[in-house]
Amino acid sequence: SIQLVIPQNQIKRQHDIYIASVSDTHCICARDYYLAIVSTIVETDDPESEIKPGLDLLGPIVEKFISLCDLEEPIEDGCKDQVFISRSYDATSHFGTVCDDVKSIYRRVT
């Protein structure tokens, strides 16, 4: 498996591009194939071109799916009404922001 981050300043963007890949070692796909996810925060009206630097690192692609997801976050912090809502997943492949969100919720709950 791999995890690669293309820094924003190397590709003249405001956000990094993340690449995560797994293989048959993880019983995810057939031998000699890899499953890769390339993600970022969309900055233009052409999302596929924004991930091109990441796609170009993958070599030949057998099949590709492009999908967009909105980033959501709660309006309130939950302290007043005791309803604690997490943020949606972002483009990061290392789950650092998810861990930060969980720790933030824990601090507010306790």
In the stretch 73-91, how many residues are surrounded by fewer than 11 Cβ atoms within 10 Å (Cβ to Cβ) and either more than 26 Å from V42 (Cβ to Cβ) or of a type outside the set (A, V, I, L, M) (or both)? 7
Return yes when S23 is out of contact with any helix residue (DSSP H, G or I) (no Cβ under 6 Å at 6 or more places or on another chain), over 22 Å from D101 (Cβ atoms), at pLDDT below 95 and surrounded by 14 or more Cβ atoms within 10 Å (Cβ to Cβ) and no when it is not. yes
If only one of S23, S67 is in contact with a Ser or Thr (Cβ under 9 Å, 6 or more places away or on another chain) and of a type in the set (G, A, S), which one is it? S23
Number of positions in the stretch 37-68 that are touching a residue at least 24 places away in the same chain (Cβ under 8 Å) and part of a strand (DSSP E or B): 2
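The values are calculated or read from the model by the stated rules, or taken from the named source; none is laboratory data. Given the structure is predicted, the values throughout are model-derived calculations rather than measurements. Backbone-built Cβ (ideal geometry, glycine too); neighbour counts: all protein chains shown.
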